[in-house]
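All of the numbers you see were taken from the coordinates with simple rules; none came from a lab. Computed from a predicted model, the values in this text were never measured in an experiment. Here the Cβ positions follow ideal geometry from the backbone for every residue, glycine too, while neighbour counts run over all protein chains shown.
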Amino acid sequence: MLNTAEEIIEVCNKEDIHLYDLVLREELKNIKMTEEEYFNELQNILDVMKKSSHNTLEKQYETEYKMIDGFAKEFYDYQKNNDPITSKFLVRTMAMAFSTSETNANMGTIAAAPTAGSSGIMPAALMAVREKYDLDDDTLIKGMLTSIGIGQIIGKYATFAGAEGGCQAECGSASAMASAAVVEMLGGTVEEALNAASITLINIMGLACDPIAGLVEYPCTFRNASGIMNSLISADMALAGIKSIVPFDEVASAMGEVGRLLNESLRETGLGGLAGTKTGQKIRAQFLNLEEE
């Protein structure tokens, strides 16, 4: 991939191509697959996302510590039987994010996009927009390719690891990837996709990574739900013409710097934040005792 948002926009505009075209071209240079084989792999990932985002909308898994059990079904039922403050669509979307988180906690199959802790965001974005606008798989795969390009830029300038950069690096990255994908799927420009990704990261800059007992369950599932909301509002802003004056590559670089400045207690160590609370430490002690037996 090219190094800066400016370069990407310039090439896409000059060649009259989409960001997903640029990503596909670069991917095929670096992998030992034909274009057909590569699209088949993306379809397989999309199928996993479809399933995980719907697994627990109408049933409930039970996990060892019951920190996040049933959230997806409760939220899905809530929007069916009530008039939510946000909207039925947004509550269903957050329920789909919960569903993938619960699938992960129950050792089910998920697509880490980019990490297991943030795995609910991309599936919820793709499936919700698919439902709202009646999109086909080909359009969703183009959105996935767009998200890959955003992820490559983040990987170049920052990190996906909560242990290095806090939750901004996990749920923040996933949200930025999802927002750009949504813009692309709805016919936005490459500049709008990059603006959406920038706004998304700006909104989540500095978020700590503090999972209780080191399990990517609590508070991760809430951050998946809020992450998809961040993606959608950022996509709407970009499609409306709102721009980030700081280019996406610089925003990603800033996120990396902020992550390095976070105290280690807020980077997936289980020492600070919610993990460091009395309840968090009690659950951690139970978890360690089970591991030692």
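Once R0 is set to 35 Å, what does the formula 1/(1 + (r/R0)^6) return for the Cβ-Cβ distance between K14 and K88, expressed as a FRET efficiency to the nearest 0.05?
After rounding, the FRET efficiency stands at 0.25.
If you take the beta carbon distance between K132 and Q60 as r and set R0 to 22 Å, what does 1/(1 + (r/R0)^6) give as a FRET efficiency, to the nearest 0.05? Walk me through the numbers before you get to the answer.
Details: r = 26 Å, r/R0 = 1.17.
After rounding, the FRET efficiency stands at 0.30.
Taking the Cα centroid of segment 120-181 and of segment 80-114, what is the distance between the two, rounded to the nearest whole Å?
15 Å
Quick one: 3J(HN,Hα) in Hz for segment 29-38, Karplus 6.51/-1.76/1.60 with θ = phi - 60°, rounded, Gly and Pro as x.
6, 10, 10, 8, 9, 7, 4, 5, 5, 5
Please work out whether segment 81-192 counts as rounded, prolate or oblate from its C-alpha gyration tensor, where a ≥ b ≥ c are the square roots of the eigenvalues and a/c under 1.5 means rounded, while otherwise a/b larger than b/c means prolate and anything else oblate?
Numbers: a/c = 1.75, a/b = 1.14, b/c = 1.54.
The shape class here is oblate.
Name every cysteine in the chain that ends up alone, with no second cysteine's Cβ under 4.7 Å, or say none.
If one checks each Cβ against the other cysteines of the chain, C12, C171, C220 turn up with nothing under 4.7 Å.
With θ taken as phi - 60° and the coefficients 6.51, -1.76 and 1.60, list the Karplus ³J(HN,Hα) couplings across segment 192-205 in order, rounded to whole Hz; mark glycine and proline as x.
5, 4, 5, 5, 4, 5, 4, 4, 4, 5, 4, 5, 10, 4
In deg cm²/dmol, rounded to 500, what helix-only [θ] at 222 nm does the chain give when every DSSP H run of at least 4 residues adds -39500 (n - 2.57) and the total is split over its residues?
Numbers: 13 runs with 185 residues, N = 293.
Helices in the chain give a 222 nm mean residue ellipticity of -20500 deg cm²/dmol.
For segment 140-293, what is Rg from Cα atoms divided by 2.2 N^0.38 Å, rounded to two decimals? Please list the in-between numbers first.
Numbers: Rg = 16.6 Å, N = 154, 2.2 N^0.38 = 14.9 Å.
With N residues counted in segment 140-293, Rg over 2.2 N^0.38 Å equals 1.11.
Which of A163, A72, A196 moves the most in a Gaussian network model of the chain with Cα springs under 10 Å?
Residue with maximal mean-square fluctuation among A163, A72, A196: A163.
What order do you get for L140, L2, L28 when you list them from fewest to most C-beta neighbours inside 10 Å?
Working: L140 22, L2 17, L28 14.
Ordered by Cβ neighbours within 10 Å, fewest first: L28, L2, L140.
Can you give the FRET efficiency to the nearest 0.05 for S265 and M205, using r as the Cβ-Cβ distance and R₀ = 25 Å? Present the calculation step by step, with values, prior to reporting the outcome.
Numbers: r = 18 Å, r/R0 = 0.74.
With R0 = 25 Å, the Cβ-Cβ based efficiency is 0.85.
Going by the alpha-carbon gyration tensor, a ≥ b ≥ c the square roots of its eigenvalues, is segment 72-144 rounded (a/c under 1.5) or, if a/c is not under 1.5, prolate (a/b greater than b/c) versus oblate?
On the way: a/c = 2.49, a/b = 1.16, b/c = 2.15.
In terms of gyration-tensor shape, oblate.
Under a point spin-label approximation (7 Å from Cα along Cα-to-Cβ), what is the A163-Q43 distance to one decimal in nm?
So the two model labels end up 3.7 nm from each other.
Report, in whole Å, the centroid distance computed from the Cα atoms of segment 4-52 and segment 220-256.
21 Å
Shape of segment 5-292 from its Cα gyration tensor (a ≥ b ≥ c, root eigenvalues): rounded if a/c is under 1.5, otherwise prolate when a/b > b/c, or oblate? Intermediate values should be presented prior to the final figure.
Working: a/c = 1.69, a/b = 1.35, b/c = 1.25.
Since a/c reaches 1.5 and a/b is larger than b/c, the shape of segment 5-292 is classed as prolate.
Quick one: which residues, 5 or more positions from Y61 or on another chain, have an amide H under 5 Å from its amide H? H modelled 1.01 Å from N in the peptide plane, none for Pro or chain starts.
When sequence neighbours closer than 5 places are left aside, the close amide H contacts are G70.
Using the Karplus curve 6.51 cos²θ - 1.76 cosθ + 1.60 with θ = phi - 60°, what ³J(HN,Hα) values do you get for each residue of segment 101-109, in whole Hz, with x for Gly and Pro?
Going residue by residue, I get 4, 5, 4, 5, 5, 8, 6, x, 8 Hz, with x marking Gly and Pro.
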